[in-house]
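Encoded as structure tokens, the structure appears first; notes follow it.
The values are calculated or read from the model by the stated rules, or taken from the named source; none is laboratory data. None of the values given here were measured: they were computed from a predicted structure. Because the Cβ atoms are built from the backbone with ideal geometry, glycine has one as well, and the counts that use them run over all protein chains shown.
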Amino acid sequence: MSTGRTLRRVLRNPLGGLSAALLLLIVAAVLLAPVIASQDPGASSLSEAFAGPSGDHPLGMDSAGRDILARILYGGRTTLGGALLALAIALALGVPTGLVAGYRGGRFDSAANWTVNLVMALPAMVVLLASRAILGPDVHVLMIVLGVLVAPSFFRLVRGIVANVRGELYVDAAKVSGLSDTRIIARHVLTVVRGPIIIQVALVAGIAIALQAGLEFLGVGSGSTATWGAMLNEAFQNIQRAPRLILWPGLALGLTNCALVLLAGAVRDALEDQTPRPARRRRARPAPEPAESADSAAPRAALLSVRGLTVAYARPDGTDKEVVHGVDLDVRPGEILGLVGESGSGKTQTAFSVLGLLPEGGRVTRGSITVNGRETAGLRERDHRALRGRTLAYVPQEPMSNLDPAFTIGSQLMEPVRHHLGLGRKEAADKARELLHLVEIPDPDRTLRLYPHEISGGMAQRVLIAGAMSCDPELLIADEPTTALDVRVQAEVLDLLRRLRDERGLGVLLVTHNLGVVADVCDRVAVMNAGRIVETGTTEQILGSPRDPYTRTLLAAVLDDAPARAPWQPREARTVTA
Amino acid sequence: MKKTPADAAPSDATAPDALLDVRDLRVRFPGKGWRAPETEVLEGVGLFVRPGETLGLVGESGSGKSTIGRAVLGLVPVRSGSITFHGERIEHADPRRRRALSRDLQVIFQDPYTSLNPSRTIGDTLAEPLIGQGTGAREARGRVAGLLERVHLPSDAAGRLPREFSGGQRQRVAIARALALRPRLVICDEPVSALDLTTQRTVLDLLLEIQRETGVSYLFVSHDLAVVRFMSHRVSVIHRGEIVETGDAATVTSEPRHDYTRTLLLASPVADVAGQRRRRAAAGAGV
């Protein structure tokens, strides 16, 4: 379990360790008040009023001749005890209701939300003042009321998290496994809300202490018992005569609250930041070394030519992890090259290297990438961006997540056109219409006004292809462009790619894992495994007579030619096992 | 042309020996927002699965294919129609009955990444269904080792967290979890569509092997005709909440009778250049 690890992380954080130690110290001192302080907090000797520190009274005496140390320690009991009471009430009300509302939803959820919104709309200070007038000046009553007032913060926190977890498949799986709701909550849900609740507890404790002190300071407290707030009040009244009186309660309140807030921060850091990040190396990006001469010997294609490409990612400890080990590939104008491989083979890394869009930490370490004969490996970001706008274009795998839900299709198509081609609003709209026409969207004018959620996935992918074609690129990099689509829509999108290739002479680097897609549109294929190209050839050759053992394994796993399963026969299982 | 399930496949009427018998199942989801109209996801679906049989359920996204499985499992409320499992009506089973049913009725989900709780060890996840049925913690731990062996995972996997495993291995864990209670029927909801081609084949082979040895039935939901054809004795094709065609796997996937099935079949590309060219030509001619 990760509880121990989280705790260790909190304590190793300097601020976390310090604030935890300080809180422990304060709580211990307050608990041990009778041992530490020799005096009774209420015992007063008027003759010693405002007396300075002395042997018997290390912090001196207050306006009524009472020992300040004793009052601080005993007052802490009331103050911290009150905060604890408020917290307990808030947790008892907020957490279970939040769990049930989030997990069950439905009517209870609606009712609870209404109640919570109502409570949150109430001005806390006014309610506290009113409740004191009605229920009497008792610290505990005030803290119970405060607990009720802050309970919604716990409710909302827990409900939100639980509602998310409820949608997870592992909760469905647990239901199907026959676990009761209580068990599911205990096993799968509580572990997730635990961390955020701890953070919230620290923050609410701080608020409770501050509010309570505030009330006492205003003189709304009980008056008779010593609390930090009441001490502040008294010190404030005598601020002209003995300014130092304000120091001790102020210090106690300040330190306690600081420690709570810092501790909450440390816990949050420990929970959120579980994995160390690799060191940033944005600026110092060394130019990739040239590929070994043997690779460069092969004749290079006109449009895209990659030679000896290696890609590496920085590890947290500063070393590099190489994921692509020397890739060669070529795309000619009017040709679709399929880059085929399984997950982790490096096919997407290769495609992103060409685009100059490797994720943070990744970089091209060796080799050369030329587009139209121009070297682009190690190109400055600004130059690469210009290249991406005009010569290179990209079509992603997930059409929906690559459209901004807040803008219409029209504005998302027009924006890059206006930027790259410098067109006016009117011309850009015409261009967008023309692009949608190019990708065979039936009613371009209507589509331009729609938002991404109003169109289907296949339509979204067409829109993205339209966007990619907007600046009339020569090379299209498509990363699994049809994987998220249904087969009928996939066939249409592949038709579109084929047409763009034939009519415009577009070169396409098509990254895919689907050999059926390869057979459908690709002219040539490069098969990639574990960061290397194992075989390149025409589609007929690779699919028909593969030479590399890995390509053969891949083709053997295709189920197209596997016979359909024979019809069911009763007792099939028994006859086989017998 | 609309066809009722009975028209589409006479063999689909009923089977006296069926383990799972679903008739005229209707499921609606509430619309988003206040008083929004409900959307009907299943519009009267009928199917059955016999002991030791695999029924493949194929359709596109949004066709309602996964909803059928979820309705059988009690994860979505049933509007009308009947679900009979092992002679018992279960479409409105109460939570207590549901928990008892989980002994016989299990599931393997599509996504092996979110179907395992990331903060629980594999052993913990596998023991979950056993503990849910009242098995003692010690005995459950003993059974976990056997389950891991069953799905060809190393026995030290029990102490590790899901993130240490690949997609295929995680799906093996999900299979082991489904098998823990020795169920009669497992709903397989796109169990291999998140996996690589070679991994996909080994997971399918594992499912077939388990079926041969234990006689478990599968309701195998997938969008991939080739996978369904390989796995299923019979195949039902679902389109917009209705089953348009049911029949033996070979018949449905090579001589489909319904237009929709034909379009679906011709749109699925095959990894063979000449074959795919023929398919594309046929699809172009047909539409």
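At pLDDT 90 or above and either surrounded by fewer than 16 Cβ atoms within 10 Å (Cβ to Cβ) or farther than 18 Å from residue A:458 by Cα (or both), is that true of residue A:496? Full working, then the answer.
Details: at pLDDT 90 or above: yes; either surrounded by fewer than 16 Cβ atoms within 10 Å (Cβ to Cβ) or farther than 18 Å from residue A:458 by Cα (or both): no.
No, not satisfied.
Going by what's in this entry, would residue A:312 be described as assigned to a strand (DSSP E or B), without any contact (Cβ under 8 Å) to a residue 60 or more places away in the chain and in the same structural domain as residue A:542 (by TED's automatic domain parsing)? So that I can check it myself, show each step before the final result.
Numbers: assigned to a strand (DSSP E or B): yes; without any contact (Cβ under 8 Å) to a residue 60 or more places away in the chain: yes; in the same structural domain as residue A:542 (by TED's automatic domain parsing): yes.
Answer is yes for this residue.
Out of B:229, B:182, B:201, report the one residue that is within 22 Å of residue B:20 (Cβ to Cβ), facing chain A (nearest Cβ under 9 Å), touching a helix residue (DSSP H, G or I) at 6+ places or on another chain (Cβ under 9 Å) and of a type in the set (D, E, K, R). Before you say what the answer is, go through the steps one by one.
Numbers: B:182 fails: facing chain A (nearest Cβ under 9 Å); B:201 fails: within 22 Å of residue B:20 (Cβ to Cβ).
On inspection, the qualifying residue turns out to be B:229.
In the range B:248-262, how many are within 10 Å of chain A (Cβ to nearest Cβ) and more than 21 Å from residue B:67 (Cβ to Cβ)? Working first, answer last.
Going through the range B:248-262, the residues within 10 Å of chain A (Cβ to nearest Cβ) turn out to be B:248-254, B:260.
Keeping just the survivors that are more than 21 Å from residue B:67 (Cβ to Cβ) gives B:248-251, B:253-254.
Qualifying residue count for the region: 6.
Tell me, please, whether a residue that is touching a Lys or Arg at 6+ places or on another chain (Cβ under 9 Å), under 25 Å from residue A:260 (Cα atoms), surrounded by fewer than 22 Cβ atoms within 10 Å (Cβ to Cβ) and at pLDDT below 85 can be found in the range A:176-186.
Scanning the range A:176-186, I find no residue that is touching a Lys or Arg at 6+ places or on another chain (Cβ under 9 Å), under 25 Å from residue A:260 (Cα atoms), surrounded by fewer than 22 Cβ atoms within 10 Å (Cβ to Cβ) and at pLDDT below 85, so the answer is no.
Out of the range B:45-65, which residues are part of a helix (DSSP H, G or I) and surrounded by fewer than 22 Cβ atoms within 10 Å (Cβ to Cβ)?
Looking only at the range B:45-65, we keep the residues that are part of a helix (DSSP H, G or I), and these are B:65.
None - no residue of the range B:45-65 is part of a helix (DSSP H, G or I) and surrounded by fewer than 22 Cβ atoms within 10 Å (Cβ to Cβ), so the list stays empty.
Answer yes if at least one residue in the range A:133-149 is of a type outside the set (S, T, N, Q) and within 14 Å of chain B (Cβ to nearest Cβ), and no otherwise.
As a first pass, look at the range A:133-149 and keep what is of a type outside the set (S, T, N, Q): A:133-149.
If we keep only those that are within 14 Å of chain B (Cβ to nearest Cβ) as well, we get none.
Taking every residue of the range A:133-149 in turn, none turns out to be of a type outside the set (S, T, N, Q) and within 14 Å of chain B (Cβ to nearest Cβ).
So in the range B:120-160, with the set limited to residues that are of a type in the set (D, E, K, R) and closer than 18 Å to residue B:206 by Cα, which one is farthest from the chain's Cα centre (by Cα)? Break it down into steps so the answer makes sense when it comes.
So in the range B:120-160, the residues of a type in the set (D, E, K, R) come out as B:120, B:124, B:128, B:138-139, B:141, B:143, B:149-150, B:156, B:160.
Add one more test, that the residue is closer than 18 Å to residue B:206 by Cα, and what stays is B:149-150.
Values: B:149: 23, B:150: 20 Å.
Per the stated criteria, the residue is B:149.
Across the range A:505-517, what is the number of residues that are more than 9 Å from chain B (Cβ to nearest Cβ) and under 26 Å from residue A:555 (Cα atoms)?
The first filter runs over the range A:505-517 and keeps only residues more than 9 Å from chain B (Cβ to nearest Cβ), leaving A:505-512.
Add one more test, that the residue is under 26 Å from residue A:555 (Cα atoms), and what stays is A:507-512.
Here the count works out to 6.
Of the conditions (1) buried (at least 22 other Cβ atoms within 10 Å of the Cβ); (2) in a helix (DSSP H, G or I); (3) more than 11 Å from every other protein chain (Cβ to nearest Cβ), residue B:143 satisfies every one except a single condition; which number is it?
(1)
Checking the conditions here, which among A:354, A:364 is among the β-branched types (Val, Ile, Thr) and not in a helix (DSSP H, G or I)? If you could, list the steps in order and put the result at the bottom.
On the way: A:354 fails: not in a helix (DSSP H, G or I).
Only one candidate qualifies: A:364.
Return only the number of the condition from (1) under 27 Å from residue A:513 (Cα atoms); (2) buried (at least 19 other Cβ atoms within 10 Å of the Cβ); (3) β-branched (Val, Ile, Thr) that residue A:409 does not satisfy.
(1)
One residue is enough: does the range A:334-345 have a residue meeting the conditions among the hydroxyl-bearing types (Ser, Thr, Tyr) and free of Cβ contacts under 8 Å to residues at least 40 places away in the same chain? Even if it seems obvious, please write down each step before you answer.
Let us first name the residues in the range A:334-345 that are among the hydroxyl-bearing types (Ser, Thr, Tyr), namely A:343, A:345.
If we keep only those that are free of Cβ contacts under 8 Å to residues at least 40 places away in the same chain as well, we get none.
Checked against the condition, which is being among the hydroxyl-bearing types (Ser, Thr, Tyr) and free of Cβ contacts under 8 Å to residues at least 40 places away in the same chain, the range A:334-345 yields no hits at all.
What is the one condition in (1) in contact with a Leu (Cβ under 8 Å, 6 or more places away or on another chain); (2) in contact (Cβ under 8 Å) with a residue 40 or more places away in the chain; (3) in the same structural domain as residue A:554 (by TED's automatic domain parsing) that residue A:409 does not satisfy?
So residue A:409 meets the others, but not (3).
What about residue A:536, is it hydroxyl-bearing (Ser, Thr, Tyr), touching a residue at least 12 places away in the same chain (Cβ under 8 Å) and more than 10 Å from every other protein chain (Cβ to nearest Cβ)? Give the derivation first.
On the way: hydroxyl-bearing (Ser, Thr, Tyr): yes; touching a residue at least 12 places away in the same chain (Cβ under 8 Å): yes; more than 10 Å from every other protein chain (Cβ to nearest Cβ): yes.
The answer is yes for residue A:536.
Looking at the range A:114-150, which of the residues that are in a loop (DSSP other than H, G, I, E, B) and modelled with pLDDT of 85 or more is surrounded by the fewest Cβ atoms within 10 Å (Cβ to Cβ)? Break it down into steps so the answer makes sense when it comes.
Going through the range A:114-150, the residues in a loop (DSSP other than H, G, I, E, B) turn out to be A:122-123, A:136-138.
Imposing the further condition that a residue be modelled with pLDDT of 85 or more reduces the set to A:122-123.
Values: A:122: 13, A:123: 10.
It comes out as A:123.
Here is a yes/no grid of residues against (1) in contact with a strand residue (DSSP E or B) (Cβ under 7 Å, 6 or more places away or on another chain); (2) within 14 Å of another protein chain (Cβ to nearest Cβ); (3) not polar (S, T, N, Q):
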{"position": "B:85", "(1), (2), (3)": "yes, yes, yes"}
{"position": "B:91", "(1), (2), (3)": "yes, no, yes"}
{"position": "B:97", "(1), (2), (3)": "no, yes, yes"}
{"position": "B:102", "(1), (2), (3)": "no, yes, no"}
{"position": "B:110", "(1), (2), (3)": "yes, yes, no"}
{"position": "B:114", "(1), (2), (3)": "no, yes, no"}
{"position": "B:138", "(1), (2), (3)": "no, no, yes"}
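Which condition number does residue B:56 fail, the rest of (1) farther than 26 Å from residue B:248 by Cβ; (2) touching a residue at least 12 places away in the same chain (Cβ under 8 Å); (3) within 13 Å of chain A (Cβ to nearest Cβ) being met?
(1)
Going residue by residue through the range B:208-220, is there one that turns out to be more than 9 Å from chain A (Cβ to nearest Cβ), modelled with pLDDT of 90 or more and surrounded by fewer than 23 Cβ atoms within 10 Å (Cβ to Cβ)? Break it down into steps so the answer makes sense when it comes.
Initially, the range B:208-220 is screened for residues more than 9 Å from chain A (Cβ to nearest Cβ), giving B:209-210, B:217-220.
Now restrict to residues that are modelled with pLDDT of 90 or more: B:209-210, B:217-220.
Within this subset, residues satisfying the condition of being surrounded by fewer than 23 Cβ atoms within 10 Å (Cβ to Cβ) are B:209-210.
Yes, the conditions are met somewhere in the range B:208-220.
Which numbered condition in (1) assigned by TED's automatic domain parsing to the domain that holds residue A:347; (2) buried (at least 20 other Cβ atoms within 10 Å of the Cβ) is the only one that residue A:467 fails?
Condition not satisfied by residue A:467: (1).
Collect the residues in the range B:233-247 that are at the interface with chain A (Cβ under 9 Å from one of its Cβ atoms) and in contact with a Lys or Arg (Cβ under 6 Å, 6 or more places away or on another chain), keeping them in residue-number order. Write out each step before concluding.
Keep residues of the range B:233-247 that are at the interface with chain A (Cβ under 9 Å from one of its Cβ atoms), which gives B:233-235.
B:233, the sole residue that qualifies.
Here is a yes/no grid of residues against (1) touching a strand residue (DSSP E or B) at 6+ places or on another chain (Cβ under 8 Å); (2) in a strand (DSSP E or B):
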| residue | (1), (2) |
| --- | --- |
| A:307 | yes, yes |
| A:334 | yes, no |
| A:349 | yes, no |
| A:368 | yes, yes |
| A:383 | no, no |
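Evaluate the range B:77-87: report whether one residue or more is at pLDDT 90 or above and of a type in the set (Phe, Trp, Tyr).
Looking for residues that are at pLDDT 90 or above and of a type in the set (Phe, Trp, Tyr), one finds at least one in the range B:77-87, hence yes.
Of A:542, A:477, which residue is aliphatic (A, V, I, L, M), surrounded by 19 or more Cβ atoms within 10 Å (Cβ to Cβ) and within 10 Å of another protein chain (Cβ to nearest Cβ)?
Values: A:477 fails: within 10 Å of another protein chain (Cβ to nearest Cβ).
Within the list A:542, A:477, the selection yields A:542.
Just to check your reading of the model, which residue among A:42, A:55 is free of Cβ contacts under 8 Å to residues at least 40 places away in the same chain, in a loop (DSSP other than H, G, I, E, B) and not aromatic (Phe, Trp, Tyr)?
Answer to the selection: A:55.
Looking at the range B:151-166, which of its residues are buried (at least 19 other Cβ atoms within 10 Å of the Cβ) and either touching a Ser or Thr at 6+ places or on another chain (Cβ under 8 Å) or in a helix (DSSP H, G or I) (or both)?
B:157, B:158, B:162
From the list A:520, A:502, A:560, which residue is farther than 24 Å from residue A:353 by Cα and more than 10 Å from every other protein chain (Cβ to nearest Cβ)? Break it down into steps so the answer makes sense when it comes.
On the way: A:520 fails: more than 10 Å from every other protein chain (Cβ to nearest Cβ); A:560 fails: more than 10 Å from every other protein chain (Cβ to nearest Cβ).
After applying the criteria, what remains is A:502.
Quick one: count up the residues across the range B:65-83 that are small (Gly, Ala, Ser) and either under 24 Å from residue A:167 (Cβ atoms) or within 14 Å of chain A (Cβ to nearest Cβ) (or both).
Here is the first cut: in the range B:65-83, the residues small (Gly, Ala, Ser) are B:66, B:69, B:71, B:74, B:80-82.
From what is left, the residues that are either under 24 Å from residue A:167 (Cβ atoms) or within 14 Å of chain A (Cβ to nearest Cβ) (or both) are B:66, B:69, B:71, B:74.
So the answer is 4.
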